C-alpha cells in the first residue's frame, strides 16, 4: 500500500511508544502498512517502567504492573510474547491502621468494624448495580447519565453511606484506582470505568481482580519485547510538537524532523495531546474535552530489604494506612523472593503534598508508615526508590486521566472519535479495562483497525 | 534599574497583551522598569474585541464588554484614559419564552410563576449567605470548603430547589456567567466567584450589576488606548512557546526570538500556560492545576438591523429563551442608536452543539430564536456576526476559566502563587471581580507590584 503514497515517509505515524502505540504499530505492520513510531523519551513503555533491584539480578516496577484474570488482551499478548507471570504475593493477613493501631485482617475490605463493613457492603452493592447500567462504550447514553454526571463520586459516597468509616474506605480505594480524590471524579465516569472493568471488586481485588498477577521480568518487558520485534523505525527522543492535518494527509513534526503520512495514531495521555500545535486547530468539542480530562497524581515509593521479612510474621505485605502518606501498601518483591520490596502508593492530594517536601523528608514520612504497619525492621531499607509520575514531562500524572463532572455527557465521544486522518489510542480511550494495560492493548488494536479500514477505503 | 542587568533584553517580559498584561506593563513602566510585551495575535485585547458595524461609523463588541458600578478598577482606568461609558439599554420589558409563549416581564428574574419566583428567591438567599462566608483570596480556607468543593453547582441547585423552573433559571444564569453548565462547576468555585463580585445579583443584574454600562468606543478601546500609551516594545504575532527559568532570570522564546529578563508576568488564560514548554517543568501543584481549570465555551451571535425596532414595542431587547441556542439575549446597539444590534449568547453545551453546524444553519437557528422573542422583523438582519471563542487558538474558550470540584481545595493557591521569577496575571487570578475586566486590571497591578518588590529585594 505504501506504493500508493510514494511521497510519504510512511503510511501511518504512531505518536508514543507506550503499550498502546507499540501494539498499534505491530498491528499496522501485520496488515502490511508502513509505520514510523515517534517517542518523546529515550525509552519505550510510557507509564510502564522497570527498575533494577540493588540485590540480585531482578527488577521491580515503578509504573503500572499488575494483570487480572479477565484482562484477556494483555494476557494473550503476554502469552504470545512468551512473557511469564507470577501471582502477586497474597498469603497471610493484611494490616490496617485503625484508630492508631495496626490490626490484621483477611480479604480486600478490612473486617474491623461490623457496622462499617455492612455500610461498605450496601453502598458497593448499589454502586455495582448502577455501574452495570452503564455501557462503557457510550456512558452518556445511560438513562441516568445526566444526573450521574452532575455529581461527584465524593458527594455520592457521602449521601449513600451511614458510617464515617465507609466513605474513608471508598476514598482510599478511589485514590488508588484513579490517583484522585472522590471529590474530583464524576460519578458517571467512575461508573463507566467500573463497568469497563466488570465490577468494583475486579478493580480493587488481588485474587480474581486487577492486582492478581505480575510479570516475572517486570511489566516493561511487554513494550520492550514489542519494540524489539518491530521492524518499523522507532525514533526515540523525538517529541511531537506539531501536527498538520488534512483529509488523508498528516505532517508530524518530531524532534526537529517533519514526517509525512496518510494517517496518525496519537497514543499519549489525553492532556498531552493538547500540548501539540495542531494545524488547523482540532474541533471545539475535542479541544474542550482535553481541557477537562486531567491526570491523577501518584508517587510510587519502594523500600528494598534483604528479605520480605513480613512474610515470616504471616503477613501479606498488603496494608491500608489512612494516616500515612502511603495509604495503600503492597508486597512488590520479585518472583524469586531474592529480596523484599515494599511498595507504597502516595496518590491524589497526598502526592502533591509529599512532592513539596525534600527527598529526605519524603523518605522518612513514607518509611514511618511502613514501620507503623510492619514493625521496626521496615525502618532500614537497603534502598529507597521513588517515582513521581506527575513530575514526568511526558506523562504529567498517574495512573490514569479521569473526567470531572459534566465532561462525559458533553465531550465523552470526542475521546475516541477520529478526526479525519487523526486517530486516538491509549489506556484512557479503551472501552474494556479503561486505564489498564489491557485497555492500552485493545485501544492500540482498535486504532490500527480503524486506520487500516480508512486507508483501504481511500484506495478504492 | 535596567543597568543592574545590562545583559538582559528587559527587566520584565509580559506574556499576553490582553487587559491584564497591558496594565501590568504600564505599571512596571511607571515604576521605572524596562518591559517587553509579547503577544501571540496580530492585535491587542485578548477576550476584548471590537467589531465595526456595517451601518454608521460605530463599533459593537464580540467579546467582554460590560462594566458595573462596583468595578472600581476598570472605571478608574477608563476615567484616566478618558473613555466614556453609556448605560446598557434597559428600558421597557424583558421577554421570556415560557412554555412556547413569549411573555413580557420586568427585572432580572422573570415573574412568570409565583412558585418558581419564590423558589429562586429562597435558593438565591441561601447561596448568597454561603458565598459571604468565602474569602475569594483563599476560598480553600472557608469552614465548609471541603464539603462545598466536593459537589457541583448543579447538584446543589437540584437539592436546594423545589420547582423545576428554579434550577432552569439558575442553569441559564450559570451558563452566561461561566460559559459552562452547573454540572461542570465546583460549588466552592461558584461561591468564591460570587463573593469576588459582591453578590449573585451583582453578577446577573443590568442596573446596579455587572451589565450596567458599556464603552462608547467599544471595550477594546481600553487595551487599544493602553497599547498606544505604552513606550515599551510590544511584539505582535510573537507567541511564546518556551520559557526557561531560574532564580532571577528567564529566557522567553517568542515567535523565533529568545528574550531574556529578570522576571516574567504570564497574563494569558490558565489552560494556555500549560502549552508553554517550561524548562524546568513547573511544580506538580501548578501543573496539576492547569489540567483542572478549563475554559467555558461561548459564541457571541450578533444580528444588525437598521434600527433597534424592539424599542418601539416598549421592549428592552433583553430576553431569556430556554429553548434557543441563544438562551440569553441583550440589546447591543451602539450608544448613538445609529443601528440596532441584537446579541445572543450561545454558551456551554449549546455552544459546542452549535459549532458543529454549518454557518447557514447556525445563523438560521439563532435568528429563529430572535424571531420567537421579538417578532418577524428579527428575521432579516442587515448583517449577522459570530464570534466563537473556543475556536480561537490564543483563547480556547470564553468568558472565563472555572474550576471543577476538588481543584480549588487542592490547587487553588497555585493559581496566583509566583514560582521564582514567574508571576501570573489575568482575570482568572483576580480576587475581586474574578473573570471580569475589573479583575484583569487588579491582577495586572498586583503582578506588577509583586515583580517590582521582588526585583527591588534582589538589588539589595
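Quick rundown of the values:
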read-out	value
Region B:111-204, relative contact order in percent, only Cα pairs under 8 angstrom and at least six apart counted	39
Residue and distance (whole Å) for the chain A Cβ nearest the axis that superposes A on B	A:404, 2
Inter-label distance for residue A:231 and residue B:457, nm, one decimal - labels placed 7 Å from Cα along Cα-to-Cβ	6.3
Residue B:382 paired with residue A:132, simple spin-label distance in nm, labels 7 Å along Cα-to-beta-carbon	6.5
Ranked list, fewest to most other Cβ atoms within 10 Å of each Cβ, for B:373, A:408	B:373, A:408
Nm distances between copies for residue B:147, ranked from closest, using label points 7 Å along Cα→Cβ	2.4
Stokes-Einstein translational diffusion, the protein assembly as shown - Kirkwood Rh over all Cα pairs, 0.692 mPa s, 37 °C, in µm²/s	113
Calculated FRET value between residue B:125 and residue A:164, using beta carbons and R₀ = 41 Å, to 0.05	0.85
Other-copy label distances relative to residue B:359, 7 angstrom Cα-Cβ extension, nm	5.9
Exercise: per-residue mean of other protein chain Cβ atoms within 10 Å, B:157-165	1
In degrees, nearest ten, helix A:19-30 long axis to first principal axis of chain A (Cα)	40
Chain B: angle of helix B:72-81 to the longest principal axis, Cα-based, in degrees nearest 10	70
Copies compared at residue B:236 - label distances in nm, ascending, label defined 7 Å from Cα in the Cβ direction	4.7
Stokes-Einstein D (µm²/s) once Rh is taken as the Kirkwood radius of chain B over alpha-carbon pairs, at 37 °C in 0.692 mPa s	145
At R0 = 45 Å, FRET efficiency that the Cβ-Cβ distance of residue A:80 and residue B:260 yields, to 0.05	0.25
Cα-based convex hull, region A:114-204, per residue volume (Å³, whole number)	81
Spacing of the two label points (7 Å from each Cα toward its C-beta) at residue A:241 and residue A:277, in nm	0.7
Mean Cα-pair separation over length for chain B, i.e. relative contact order, pairs under 8 Å, 6 or more apart, %	25
B:22, B:302 arranged by Cβ crowding within 10 Å, fewest neighbours leading	B:302, B:22
For residues of B:276-284, the mean tally of beta carbons on other chains within 10 Å	4
Helix B:359-374 vs. chain B, principal-axis angle (Cα, 0 to 90°, nearest 10)	50
For region B:1-135, alpha-carbon Rg relative to the globular expectation (2.2 N^0.38 Å, N residues)	1.60
Order of A:163, A:88, A:457 under a 10 Å beta carbon neighbour criterion, fewest first	A:457, A:163, A:88
Number of partner chain Cβ atoms within 10 Å, mean per residue of A:348-358	3
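All of the numbers you see were taken from the coordinates with simple rules; none came from a lab. In this text, all values refer to a predicted model and were calculated from it rather than measured experimentally. Methodologically, a virtual Cβ is constructed for each residue, glycine included, from the backbone with ideal geometry; neighbour enumeration extends over all protein chains shown.
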